[in-house]
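Notes for the one structure printed next.
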Amino acid sequence: MNNLFIRFQLIDPTKPIDQWTRLNVYAILGFGQTIFILIATLLLKLSCLRGSQWLHQTMLYRLMHAPIWFFDQVNSGQIFNRFSKDIELADTKLITSLRSFLIEIFRTFALFTIIFIGTDSSILICLFLPLIFGYFFIYKYYVSTSRQLMRLESTLRTPIYQQFNETYAGVTVIRAFGRVEMFLQKLYKNIDMNTSVMHMSIAAAKWLTVRLECLGNIVVLITSLCCVLLRGEISPGMVGLCITSSLNITGTLNLLIKSSIEFENNIVTVERLVEYTKLPKENDYHQTNTNKIKGKRKNFIDFLKNFLHPHKQPKSIGNFLISEIVAIDTISTGGVKLCSISKTNPNPDQQWPTNGSITFIQYSARYQNSSTLCLKQLNLYIPSGMKIGLVGRTGAGKSSFAMALFRLIEAETGEIHISNRNIREIDLEKLRSTLTIIPQDPLLFAGTLRNNIDPFNHYTDEQIMIALNKANLGHMFTMLDQRIDQQLNHLSFGQKQLLCLSRALLRKSKILIMDEATAGIDPATDQLIQETIRYEFQHCTVLTIAHRLKTILSYDRILVFDQGKIIEFDTPEALMSNASTLF
């Protein structure tokens, strides 16, 4: 607008305007342009950030509700990549590239308008048309290549994150076996592959810059020739303005092409994030605010509309997590059930389960994408309060039996009843919150002792201390608000397992499952855990996947698995006295 104002003053000197008026108009136009750009940028950033927040929350919601087979098929490096680098690009570079793209479009339009009005030549338009097609051809040729390089770079970044996670998890074993150099060489190889793609991206960008500069210089040449040919028809001031605008066009067009390409490449990042908003979800969860989270976006085009004009968001990410997300299953949380505390849509039977009886009726199940059944035609009744030991060779079906109770694998045929109700009729959140499992590998969280034992503050300090005393940890922890981050490295494996046991003691579930919980601890701690279970879980149904036979010899019954079938189910005495038993 400022340049056009100068242009009209130059072309029509018969209407003189005093100096102060000219300066005031010019200042008002400049100030108005600044305010307009500021408001437009602010609105753009706010809308993009709100869209990015919606995207992150939807991804997190779908990931938290994804079936267990998803985590078996997708490595942690890919998930980490999506929630770190890709989210960062969506929060920063995507907004910057979109803003630059819009600014350069308006700037290019303004510069061409000045040149066309200033020279007032139809010949110039005809000469510029081939150049516009040249710009378009270079753009289409480069963008397809750069987009694939962007995808390839992101794909090759995932193995780096994956190796970081694997190395961190097994650093002691790597050092013990002297394999540090091998892992370093593997890391260098992954980094070299990633940087080679980045090198190609930089080389392609330089290729683009050379060609855009050539086309920009041709624009300056054509504008200068037109000014020379029309030297008698336009004023010297207008000639200077047109040539200056053509010189600016070179840089502006370069920025326009680069920003549009960068924006399109960053959209690839959004495409990957959108994939995580469409992850498969376990059935039978309460849909309290699903519509608020998912909206009405059915495809990628609708998502882009939401990205620029997002709907109303949940009031905060913290409240969203607490009120909507049923966290990771107890098999990976060491006995903790991080259940939603939303009070909407409650389960109709709040008293379930009234007892710990378990019934399998012609039950068969298979893992996702598996052609063979992992559990085959199970018929079993376990009365409430029974102590059952589960034994069998590796792959016999012991862990699958426990996963079926949590509905981590769905039934192919048959039913499972807990407390006389089919678990398919129970909401998953309710079902899993009523079962407790102590896994083989104890999992403790950074934070305070209370956060580890009772993350949702459902119990009093006195109740927590009673549970710790019953787990023989009362002498070690006297303050619930003390942080245990530093102590984790000094706690033995058995002490960590006792902390998991204290969680189970606090929850007082009707059914307790121990998945080889004492496999990695010393016999004294094993004996301590067994005595605690014997006295504190007298009225609880206990299912123990045993690592040592000595652990379950005092149990009521032994359940023997082989190839997904129940081979034997009897008392330890009867099985020990039978010479032909598989036990």
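The values are calculated or read from the model by the stated rules, or taken from the named source; none is laboratory data. Not measured: the values here are computed from a predicted model. All Cβ positions, glycine included, derive from the backbone under ideal geometry; neighbour counts span all protein chains shown.
Brief remarks on what is shown
- Summed over the range 550-583, the residues that are touching a Pro at 6+ places or on another chain (Cβ under 9 Å) and exposed (fewer than 15 other Cβ atoms within 10 Å of the Cβ) give a count of 3.
- Checking each residue of the range 435-454 against the condition of being more than 32 Å from the chain's Cα centre (by Cα) and either at pLDDT 85 or above or under 24 Å from ASP570 (Cβ atoms) (or both) gives no match.
- Qualifying positions in the range 218-235 - part of a loop (DSSP other than H, G, I, E, B) and either surrounded by fewer than 16 Cβ atoms within 10 Å (Cβ to Cβ) or in contact with a Leu (Cβ under 8 Å, 6 or more places away or on another chain) (or both): ARG231, GLY232, GLU233, SER235
- Matching entry among PHE164, PHE183 (being more than 30 Å from GLU271 (Cβ to Cβ) and either part of a helix (DSSP H, G or I) or not assigned by TED's automatic domain parsing to the domain that holds VAL270 (or both)): PHE183
- Some residue of the range 399-416 being more than 28 Å from the chain's Cα centre (by Cα) and either within 30 Å of LYS496 (Cα to Cα) or in the same structural domain as TRP69 (by TED's automatic domain parsing) (or both): yes
- Any hit, the range 79-87, residues being more than 15 Å from the chain's Cα centre (by Cα), surrounded by fewer than 20 Cβ atoms within 10 Å (Cβ to Cβ), farther than 30 Å from LEU255 by Cα and among the aromatic types (Phe, Trp, Tyr): no
- Checked across the range 252-268, the condition of being basic (Lys, Arg) and either surrounded by fewer than 20 Cβ atoms within 10 Å (Cβ to Cβ) or without any contact (Cβ under 8 Å) to a residue 24 or more places away in the chain (or both) holds for no residue.
- If the condition is being in contact (Cβ under 8 Å) with a residue 60 or more places away in the chain, over 15 Å from PRO130 (Cα atoms) and over 48 Å from the mean Cα position of the chain (by Cα), then the range 199-228 contributes CYS226, CYS227.
- Only one of the listed residues (ILE87, ILE103, ILE123, ILE114) is over 30 Å from GLN368 (Cβ atoms) and at pLDDT 80 or above. That residue is ILE103.
- Only one of ILE511, ILE521, ILE529 that is at pLDDT below 85 and closer than 24 Å to THR434 by Cβ: ILE529
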